[in-house]
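Notes to accompany the following structure.
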Amino acid sequence: MPIQAASSPHKLDDGPDWNFDLLLQYEQEIDRIARGFKLDTYPNQIEVITAEQMMDAYASIGMPLNYTHWSFGKKFIQTEQQYKRGQMGLAYEIVINSSPCIAYLMEENTVTMQALVMAHACYGHNSFSKGNYLFKTWTDASSIIDYLVFAKNYIANCEQKYGINEVENILDSCHALMNFGVDRYKRPQKISLQEEKTRQQEREAYLQSQVNELWRTLPEGAQKKQAQPARFPEEPQENLLYFIEKNAPLLEPWQREIVRIVRKVSQYFYPQKQTQVMNEGWACFWHYHILNQMYDEKLVSDRFMMEFLHSHSSVVMQPEYNSPYYSGINPYALGFSMFMDIKRVCQSPTEEDYYYLPSIAGKDWLETVHFAMQNFKDESFISQFLSPKIIRDFKLFALEDDTSKSFISVSAIHDEKGYHTIKEALSAQYNLSNLEPNIQVYNVDICGDRSLTLRYIPQNDIPLANSRQEVMRHLHRLWKFDVRLEQEHPDGKTEVIAQCPHPESP
Amino acid sequence: MAHFIDRRLNSKGKSTINRQRFIKRYKQQIKRAVSDAVGKRSVTDVESGEQISIPKRDISEPIFHTGKGGKRHIVHPGNDQFTAGDKIERPLGGEGQGSGAGEASNEGEGQDEFVFSISKDEYLNILFEDLELPNLQKNQFAQVTQYETYRAGYQTDGMPTNLDIVRSLKGSVARRIALTAADKRKLGELEEELRRLREDKHENTLHILAIEKDIAALKAKIAKVPFIDTFDLRFKNYDTRPLPSSKAVMFCLMDVSGSMDQETKETAKRFYILLYLFLSRTYENVEVVYIRHHTQAKEVDENEFFYSQETGGTIVSSALKLMKDIINERYSDGAWNIYGAQASDGDNWADDSPKCGDLLTNHLLPACRYYTYIEITQRPHQSLWKIFDAVSTAHSNFICKHIESQADIYPAFRELFKRADASAR
């Protein structure tokens with residue numbers, strides 16, 4: 001193990017109170033051990049905050065600053081109420097994917113908790129956001145804080161110039177469509193290149209048509225072909241906000257900029273949504289290893305270790321489906337167990353592991369976990385690394401819930417026949433494109449009334465919730481001409497399921 | 001190497017503005033909740049804020065999400081009884097077992113109300129938005145009891161503790177400049193002259209000696225000017241001034257004769273609560289005097305005022321007379337802002353009504369800032385209303401108002417205290 005020997009092999013004070021000197025000592029030890037485990041991180045900026053400041057941070061979606069909007073106030077009031085009534089504890093930390101990586105520690109944590117949190121956030125999450133391919137390609141850690149400063153000031157200026165209500169209306173509408181403000185498939189850097197290419201193709205096509213016109217010898221009108229009306233957009237667009245920003249006919253420039261701001265923020269959070277299990281699992285995996293290493297080096301006391309293990313085990317606990325505490329699969333538990341299992345498969349593989357996970361069985365564990373962290377998202381991570389042992393440990397079972405039948409059926413359990421089904425179902429459960437409805441910009445009637453048509457393509461016959469009417473109203477506020485949402489049925493027929501303005505109302 | 005920052009001392013309340021935006025946006029709903037809550041409070045309870053609940057659907061932020069139905073494949077942990085192919089009854093309520101991860105969280109059916117608290121100040125602000133106290137002049141009389149000390153410039157004499165060092169040294173610098181400027185200028189000229197003479201190739205010994213003597217004399221003179229003089233000293237000066245009175249007394253008068261039932265009293269109570277809250281916003285301390293009456297008037301405490309049972313006829317003037325006596329006895333020193341609020345169902349012994357009008361016009365109204373009379377009845381008006389109505393047209397600080405049910409209280413109250421400019425708009 002290439003970990004340097006501890007520089008100060010005496011036991012660190014185990015508190016329970018902490019001070020900045022002590023935090024610094026712990027941080028240095030954690031840093032030394034983390035480097036030994038090849039964790040590559042952004043520089044850390046660790047900020048100690050109070051409970052109230054933590055609630056502030058909650059309210060502005062975890063960012064140190066954000067533009068002003070009533071919905072953040074609502075979030076704050078909600079958090080405050082729940083916290084005051086004791087319905088929920090605040091997180092021990094919040095970490096921001098930025099460079100330097102900002103981590104918030106709560107002041108009321110004991111020194112054990114601070115050490116846990118530093119290992120978890122400043123080395124676990126930090127290295128994840130530096131190493132994972134989604135974060136690398138989608139977000140620019142060094143510029144996000146600057147961008148938020150810009151956004152906050154820009155929106156504040158707009159409020160002064162155009163009135164708070166005007167700005168609030170636009171923001172409300174953008175928030176309603178926020179989840180549809182991301183590019184799911186194309187990557188941001190390539191946009192310009194792609195645009196270049198299409199532009200070039202357009203030019204070529206145009207020149208070609210000129211050429212054809214010159215060489216055309218047949219007289220026109222011989223066969224009057226029904227001209228196919230040009231479609232706009234040519235292909236359905238998944239990024240509604242981008243489409244609005246670029247094409248909404250009546251938006252003012254500042255309104256377009258606000259649409260852009262919301263879109264950018266949404267895009268920034270897109271990788272986090274897709275790597276919840278991995279991100280938390282990775283951070284838990286490393287705080288567990290780092291603190292255990294500290295214990296092995298006799299840097300921390302038994303008391304420290306007992307407190308740590310107590311919090312650790314309650315974080316990675318998975319309640320069973322019939323427990324009152326059950327609310328879906330705990331990403332901490334699943335992620336932590338999977339990374340631990342990868343390590344196990346590398347170190348002491350069984351016959352079964354050679355059969356199910358031949359690519360990693362018996363390999364170097366440190367390299368393998370880093371490889372897994374860097375190159376996957378939740379969906380692919382599960383379908384690649386969910387071993388039968390995890391399925392058995394969690395006693396996973398898959399339910400098939402089809403509303404056209406009067407009962408729910410169990411399609412697979414944790415046995416040999418079920419491993420594959422469960423793995424597939426669980427992986428699909430983390431596939432964002434399964435969770436979020438597939439709605440795309442389908443057509444704009446550019447020659448007629450400029451109405452905008454969206455198309456919803458249901459998966460597994462799952463209908464769209466009633467909130468669609470409200471959302472369409474927001475869309476109408478941005479597009480300012482008629483908007484329509486149609487659903488495509490399996491037989492290819494379409495049906496309008498929401499529109500604004502509503503045909504009945506004048 | 002990490003960088004630690006202690007943010008605990010940074011300003012709190014980063015979200016305050018967002019919170020204000022939220023309250024502003026839902027002002028209508030909050031206002032409704034606030035006025036509903038008035039009836040549940042004690043008259044003098046102004047310390048607490050209020051719990052506000054708003055229907056959740058009003059504040060939801062709609063997004064596109066999937067609804068119920070269709071085919072779903074969900075994985076759950078902790079299998080204890082199932083084998084593949086088992087069929088399970090669909091639990092009532094439509095949802096599968098528990099809620100699958102990441103779905104159905106936006107259905108908004110968990111809690112119907114969004115409940116939160118607002119602070120005392122926010123509560124009062126919302127409750128009394130656009131209202132103001134009529135005829136608000138602060139009483140200020142010879143025998144004021146409160147003084148405040150304030151800074152009143154500088155003086156040349158005083159206690160050492162009040163010495164203003166910066167001012168004193170400024171004086172010192174100015175004095176030294178004033179006293180030595182001419183000499184220094186002259187000194188400069190002489191030194192220039194001396195330098196010139198010394199550079200001169202001719203013999204100037206006598207002249208030089210004379211100039212050197214002058215220079216020495218001037219330097220001695222400059223040095224004699226003291227660095228600081230008692231003349232320079234400046235002391236901070238403090239003075240006191242009388243404070244305008246911020247005391248108010250509110251008289252609650254109520255008819256408790258047999259004709260007033262508990263419901264009518266509750267309605268009156270709401271009115272008194274509003275008035276008390278409103279007064280306590282303007283005045284630091286508000287005293288409340290409760291006077292109840294049937295044929296005789298009596299001063300009582302809050303509980304007895306609202307909840308004791310009495311029967312008998314009604315003579316309103318008895319209460320007015322008692323109020324007059326109490327004013328003369330306790331609140332006549334001019335430091336008090338006096339407000340009267342009377343509630344009745346309009347019953348009175350007919351011969352007594354002119355007497356009431358007389359008491360009001362000659363004794364009470366001149367002493368009062370504002371006097372409100374509310375009549376809570378569904379029957380036609382009787383003699384008392386006619387008399388009071390006549391009084392109210394003659395006096396701007398007397399208002400009578402007819403209320404039929406609890407629902408009228410808040411609108412009537414708002415009308416009584418409507419801000420002059422708000423009504424003009």
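The values are calculated or read from the model by the stated rules, or taken from the named source; none is laboratory data. Keep in mind that what you see is a predicted model, and the values were worked out from it rather than measured. Heads up, the Cβs are rebuilt from the backbone with ideal geometry, glycines too, and the neighbour counts pull from every protein chain shown.
From the list B:95, B:113, B:109, B:132, pick out the single residue that is modelled with pLDDT under 75, within 11 Å of chain A (Cβ to nearest Cβ) and more than 30 Å from residue B:231 (Cα to Cα). Step through it out loud before you land on a result.
On the way: B:113 fails: within 11 Å of chain A (Cβ to nearest Cβ); B:109 fails: within 11 Å of chain A (Cβ to nearest Cβ); B:132 fails: within 11 Å of chain A (Cβ to nearest Cβ).
Sole residue among the options that is modelled with pLDDT under 75, within 11 Å of chain A (Cβ to nearest Cβ) and more than 30 Å from residue B:231 (Cα to Cα): B:95.
Residues in the stretch A:89-126 that are part of a helix (DSSP H, G or I), hydrophobic (A, V, I, L, M, F, W, C) and away from chain B (no Cβ under 14 Å): how many? It would help to see each step written out before you state the result.
Of all residues in the stretch A:89-126, those part of a helix (DSSP H, G or I) come to A:111-126.
Then drop every residue that is not hydrophobic (A, V, I, L, M, F, W, C), which leaves A:111, A:113, A:115-119, A:121-122.
Right, trim to away from chain B (no Cβ under 14 Å) and you get A:113, A:116.
Counting residues in the stretch A:89-126 that are part of a helix (DSSP H, G or I), hydrophobic (A, V, I, L, M, F, W, C) and away from chain B (no Cβ under 14 Å) gives 2.
Go through (1) at the interface with chain B (Cβ under 7 Å from one of its Cβ atoms); (2) under 29 Å from the mean Cα position of the chain (by Cα); (3) buried (at least 17 other Cβ atoms within 10 Å of the Cβ) and name the single condition residue A:80 misses.
Unmet for residue A:80, out of (1) at the interface with chain B (Cβ under 7 Å from one of its Cβ atoms); (2) under 29 Å from the mean Cα position of the chain (by Cα); (3) buried (at least 17 other Cβ atoms within 10 Å of the Cβ): (1).
Can you name the strands (runs of 3 or more DSSP E) wholly within the stretch B:296-410 that have at least 2 residues being within 14 Å of residue B:257 (Cβ to Cβ) and not aliphatic (A, V, I, L, M)? Working first, answer last.
Details: elements: B:297-300, B:336-344, B:370-376, B:398-403.
In the stretch B:296-410, the matching strands (runs of 3 or more DSSP E) lie at B:336-344.
When you scan the stretch A:338-357, how many residues do you find that are farther than 19 Å from residue A:381 by Cα and aromatic (Phe, Trp, Tyr)?
Residues in the stretch A:338-357 being farther than 19 Å from residue A:381 by Cα and aromatic (Phe, Trp, Tyr): 0 in total.
Kindly evaluate residue A:58 against the criterion of being in a helix (DSSP H, G or I), within 11 Å of chain B (Cβ to nearest Cβ) and without any contact (Cβ under 8 Å) to a residue 60 or more places away in the chain. Quick ask: steps written out before the conclusion?
Values: in a helix (DSSP H, G or I): yes; within 11 Å of chain B (Cβ to nearest Cβ): yes; without any contact (Cβ under 8 Å) to a residue 60 or more places away in the chain: yes.
Yes, satisfied.
For a quick check of your reading of the model, give me the residue pairs whose first member lies in the stretch B:14-31 and is on the phi > 0 side of the Ramachandran plot, whose second is among the hydrophobic types (A, V, I, L, M, F, W, C), with beta-carbon atoms closer than 9 Å and at least 6 apart or on different chains.
Every condition considered, no pair remains.
Please determine, by comparing only the residues of the stretch A:365-411 that are within 14 Å of chain B (Cβ to nearest Cβ), within 26 Å of the chain's Cα centre (by Cα) and assigned to a helix (DSSP H, G or I), which one is surrounded by the fewest Cβ atoms within 10 Å (Cβ to Cβ).
Step by step, filter the stretch A:365-411, then rank; the result is A:383.
Is one or more of the residues making up the stretch A:435-454 buried (at least 18 other Cβ atoms within 10 Å of the Cβ), aromatic (Phe, Trp, Tyr), assigned by TED's automatic domain parsing to the domain that holds residue A:399 and over 20 Å from residue A:174 (Cβ atoms)?
no
Is it true that residue A:53 is in a strand (DSSP E or B), within 7 Å of another protein chain (Cβ to nearest Cβ) and modelled with pLDDT of 80 or more? First the steps, then the outcome.
Working: in a strand (DSSP E or B): no; within 7 Å of another protein chain (Cβ to nearest Cβ): yes; modelled with pLDDT of 80 or more: yes.
It is false that residue A:53 is in a strand (DSSP E or B), within 7 Å of another protein chain (Cβ to nearest Cβ) and modelled with pLDDT of 80 or more.
For the stretch B:313-332, how many residues are surrounded by fewer than 13 Cβ atoms within 10 Å (Cβ to Cβ) and at pLDDT below 85?
The qualifying residues number 1.
Considering only residues that are aromatic (Phe, Trp, Tyr) and under 20 Å from residue A:316 (Cβ atoms), which ones fall in the stretch A:329-375? Steps first, answer last, please.
Filtering the stretch A:329-375 for residues aromatic (Phe, Trp, Tyr) gives A:332, A:336, A:339, A:354-356, A:365, A:371.
Hits for the stretch A:329-375 are A:332, A:336, A:339, A:365.
Return the residues of the stretch A:309-328 that are free of Cβ contacts under 8 Å to residues at least 24 places away in the same chain, buried (at least 17 other Cβ atoms within 10 Å of the Cβ) and not aromatic (Phe, Trp, Tyr); say none if nothing qualifies.
Passing the criteria: A:319, A:328.
For the list (1) more than 24 Å from the chain's Cα centre (by Cα); (2) not in a strand (DSSP E or B), I need the number of the one condition that residue A:48 fails.
All conditions are met except number (2).
Is it the case that the stretch A:328-346 has a residue that's over 24 Å from the mean Cα position of the chain (by Cα), aliphatic (A, V, I, L, M), over 24 Å from residue A:386 (Cα atoms) and in a helix (DSSP H, G or I)?
no
Hey, can you tell me all the residues within the stretch A:460-485 that are at the interface with chain B (Cβ under 8 Å from one of its Cβ atoms) and in a loop (DSSP other than H, G, I, E, B)?
Those that are at the interface with chain B (Cβ under 8 Å from one of its Cβ atoms) and in a loop (DSSP other than H, G, I, E, B): A:460, A:461, A:462, A:463, A:465, A:466, A:467.
Could you list all residues from the stretch A:486-506 that are charged (D, E, K, R) and outside any loop (DSSP other than H, G, I, E, B)?
Step one: filter the stretch A:486-506 for residues charged (D, E, K, R), giving A:486, A:488, A:491, A:493, A:495, A:504.
Result: A:486, A:488, A:495.
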